[in-house]
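See structure below.
The values are calculated or read from the model by the stated rules, or taken from the named source; none is laboratory data. Just so it is clear, the structure is predicted and the values come from calculations on it, not from any experiment. Note: ideal-geometry Cβ built from the backbone for every residue, glycine included; neighbour counts use all protein chains shown.
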């Protein structure tokens, strides 16, 4: 999906959960290479799932977090391209100050809106509206999220949790995504959007983590209605491995890697 | 004569009552129970008391054993860390909600019952923890039946009912014995029709619907009928939450959870003897 | 090429074990691996000597790979290393005096060493163990049910099961077989299937120390699948036991 022919320098994107905001940014980064690219997603807090994934896929892209708005403006002044992703859970006006500050640069405001949704503030906000399939109601969607950094998941347990989440055991889930560390040292990005038949399981291009608990980011974000966050948290806690088991796994993996090397 | 066989009630009193009513309507004269009276569900003691008061011959299930002996099942019988944590929680809960007398009753349950050409076990004749799945290798399945000396082996534990007929079993073997002078002989073995009947689960079904399942065997016509009975599962779900058990068990019960958590390798090598 | 010497049941008989070791040394082609499938000990004080002999092979001798046997399991039960079984097999078979003798014969350090022994070995497609794949105490013989034997090999994914509990030498070859299977579920009847049995072997490896003046053991070459039972006679016939 190419952007406009006269490439904008600021690309702000918003839209429904799971509708393809980050995917659009990733494709655009790939198709529009540039010397300096920034990615800024306010409100990600301690669970920066999208920016972690973008950083792994595009190591040269600079990730900026909340509080680095001034830096962002400086980079843009020096010619950088900035992608600003506004999550569904944010008020649309929350990015407005920054966008105003950058108003002298060519800016594209893209809203990805569910097909058939006609009256929405997205139409007033956007310079370009794109539509996409969305199989769930956007009313009263709440968010539950948690960092899991340092935890390693028992793979079978993670499968159970994911099944339970997507089948509605903890409330009606429209979208959930996460980055999870497994005891064999691999890190997976897992993504579910209600209405899709399957979840995406994507091994991330990271070196295997084989020394103790990982210090790199992992975490989970769930969007839906009537979410029972306490129960999700309990199941996550019950699925993580102890220090002892982690070290056993890691020794085994190291040995088998040695043998196969 | 009609015999009713049920299993895996798991403290679900509501389901048990409904199934007992259905058994009466089906005019079964005798009932056997394949264990797992407790665990998961909110009324372990009431279920045990009901089974006792009706004098239903019962074998010990893995949950019954664990409540008595403490959680001594080998680690490999847990399919996941999550299942283990949840299992331990419910084990503790059940332990606190059960009378000493009930515990004694569970302790004394036999592991196998035989009645004529019928054998009754919870998991398999080898272990309460072994899953006899319908896709188990036919010869191993046959071995499980033959090891009891019965023609029909009734089991539970998987929570999904099935009837498996094993017919025209035959094996050719050649045996050499001796040391310096070897004797060799060929042997041929044949077996008649043997059956494995998994009776499903009264109180925690996993066939994709919330209904209770059990089996009726008519000894005169040699016919086996799998019964699926609706009951007010919402009542049990509400009690699960009300009595402080994890809400996830209520959800699974309402779903008739097909995604059963079970040990991957039912025939793993374990020094405890499965 | 690998040649395995597989023995079981020394049962504290050092002279028998020496005789078998000497016979193993005489073999051509040379024996490359030595497996002892349990029952190294018995309720006699000489058991300690046999263990020392195994722990400290002389120069040029093979290091034995040892797994637990019936007697080791009884000892570990006495010392509380493994869950007790009711009724106690040792008491049932030999009585309390033997149990005491077993306790007295094996020093604490040796018990510790025994507690670390393996249950069995999986080598290539062969499982080597004292009893069976499910239990150290289980005795498999040529008279065992063919389905039981088949099950014990099958469940470990092995093709060959070497065992020692019976003390006999035998080779039980399951050549072929079939069974037809039909499954009915709540969703209806599934098409019936015919299953074929694949070839499996159960091998009894003999016994070193139980019978005075005569030991049996097994040589096996995994490369050629050649199996040979060996008899070793030793002593003057008056009995050294």
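Residue selection: residue A:150 fails the criterion of being over 18 Å from residue A:219 (Cα atoms) and touching a strand residue (DSSP E or B) at 6+ places or on another chain (Cβ under 9 Å). Only a single item in (1) within 18 Å of the chain's Cα centre (by Cα); (2) in contact (Cβ under 8 Å) with a residue 24 or more places away in the chain; (3) more than 7 Å from chain C (Cβ to nearest Cβ) is not met by residue B:162, and it is number (3).
Could you tell me whether any residue of segment B:241-259 is within 14 Å of chain C (Cβ to nearest Cβ), surrounded by fewer than 19 Cβ atoms within 10 Å (Cβ to Cβ) and either closer than 21 Å to residue C:185 by Cβ or modelled with pLDDT of 95 or more (or both)?
Filtering segment B:241-259 down to residues within 14 Å of chain C (Cβ to nearest Cβ) leaves B:256, B:258.
Now drop any that are not surrounded by fewer than 19 Cβ atoms within 10 Å (Cβ to Cβ), which leaves B:258.
With the extra rule that they be either closer than 21 Å to residue C:185 by Cβ or modelled with pLDDT of 95 or more (or both), the set shrinks to B:258.
Yes.
Scan segment A:140-153 and give yes if some residue there is within 14 Å of another protein chain (Cβ to nearest Cβ) and in contact with a helix residue (DSSP H, G or I) (Cβ under 6 Å, 6 or more places away or on another chain), otherwise no. Yes, segment A:140-153 contains a residue that is within 14 Å of another protein chain (Cβ to nearest Cβ) and in contact with a helix residue (DSSP H, G or I) (Cβ under 6 Å, 6 or more places away or on another chain).
Here residue B:119 clears all of (1) surrounded by 20 or more Cβ atoms within 10 Å (Cβ to Cβ); (2) more than 10 Å from chain C (Cβ to nearest Cβ); (3) part of a loop (DSSP other than H, G, I, E, B) except the condition numbered (3). Before we move on, is residue C:128 buried (at least 24 other Cβ atoms within 10 Å of the Cβ), within 22 Å of residue B:146 (Cα to Cα) and away from every other protein chain (no Cβ under 11 Å)? Answer is no for this residue.
Report, by residue number, each residue of segment A:170-188 that is in contact (Cβ under 8 Å) with a residue 60 or more places away in the chain and buried (at least 20 other Cβ atoms within 10 Å of the Cβ). Write out each step before concluding.
Narrowing segment A:170-188 to residues in contact (Cβ under 8 Å) with a residue 60 or more places away in the chain: A:170, A:174-175, A:177-179, A:183-185.
Across segment A:170-188, the qualifying residues are A:170, A:174, A:175, A:177, A:178, A:179, A:183.
Please work out if residue B:139 is surrounded by fewer than 22 Cβ atoms within 10 Å (Cβ to Cβ), under 19 Å from residue C:150 (Cα atoms) and in contact with a helix residue (DSSP H, G or I) (Cβ under 9 Å, 6 or more places away or on another chain). Taking the combined requirement at face value, the residue does not satisfy it. Just one of the numbered conditions (1) at pLDDT below 95; (2) in contact with a strand residue (DSSP E or B) (Cβ under 7 Å, 6 or more places away or on another chain) is not true of residue B:102: (2).
Of the numbered criteria (1) crowded, with 17+ Cβ neighbours inside 10 Å; (2) at the interface with chain C (Cβ under 9 Å from one of its Cβ atoms), the one residue B:130 fails is (2). If the condition is being surrounded by 13 or more Cβ atoms within 10 Å (Cβ to Cβ) and part of a loop (DSSP other than H, G, I, E, B), then segment A:74-105 contributes A:80, A:87, A:88, A:89, A:90, A:102, A:105. When restricted to residues that are touching a helix residue (DSSP H, G or I) at 6+ places or on another chain (Cβ under 8 Å), over 19 Å from residue C:8 (Cα atoms) and outside any strand (DSSP E or B), segment C:130-174 contains 8.
In segment C:47-56, the qualifying residues are those that are within 15 Å of residue C:209 (Cα to Cα) and in contact (Cβ under 8 Å) with a residue 40 or more places away in the chain, and the one that is surrounded by the most Cβ atoms within 10 Å (Cβ to Cβ) is C:47. Checking C:116, C:135 one by one, the residue that is farther than 22 Å from residue B:185 by Cα and buried (at least 17 other Cβ atoms within 10 Å of the Cβ) is C:135 and no other.
Among the residues of segment B:45-72, those identified as modelled with pLDDT of 95 or more, touching a helix residue (DSSP H, G or I) at 6+ places or on another chain (Cβ under 9 Å) and exposed (fewer than 15 other Cβ atoms within 10 Å of the Cβ) are B:52, B:54.
Which residue, of C:210, C:200, is away from every other protein chain (no Cβ under 11 Å), within 22 Å of residue B:183 (Cβ to Cβ) and buried (at least 17 other Cβ atoms within 10 Å of the Cβ)? Even if it seems obvious, please write down each step before you answer.
Working: C:200 fails: away from every other protein chain (no Cβ under 11 Å).
Matching residue, one of C:210, C:200: C:210.
Applying the criterion of being in a helix (DSSP H, G or I) and touching a helix residue (DSSP H, G or I) at 6+ places or on another chain (Cβ under 7 Å) to the residues of segment C:80-97, the residue that is farthest from the other protein chains (Cβ to nearest Cβ) is C:91. From the list C:122, C:154, the one residue that fits, being at the interface with chain B (Cβ under 9 Å from one of its Cβ atoms) and crowded, with 18+ Cβ neighbours inside 10 Å, is C:154. In the set (1) in contact (Cβ under 8 Å) with a residue 12 or more places away in the chain; (2) surrounded by fewer than 24 Cβ atoms within 10 Å (Cβ to Cβ); (3) more than 11 Å from the chain's Cα centre (by Cα); (4) more than 7 Å from chain B (Cβ to nearest Cβ), the condition left unmet by residue C:143 is number (1). Residues of segment A:44-59 being assigned to a helix (DSSP H, G or I) and out of contact with any strand residue (DSSP E or B) (no Cβ under 8 Å at 6 or more places or on another chain), which ones? Matches in segment A:44-59: A:56, A:57. Residue B:3 meets the conditions (1) at pLDDT 95 or above; (2) more than 18 Å from the chain's Cα centre (by Cα); (3) buried (at least 16 other Cβ atoms within 10 Å of the Cβ) in every case but one. The failed one is (2). For the structure I just gave you, tell me whether residue A:165 is closer than 30 Å to residue A:92 by Cβ and without any contact (Cβ under 8 Å) to a residue 24 or more places away in the chain. No.
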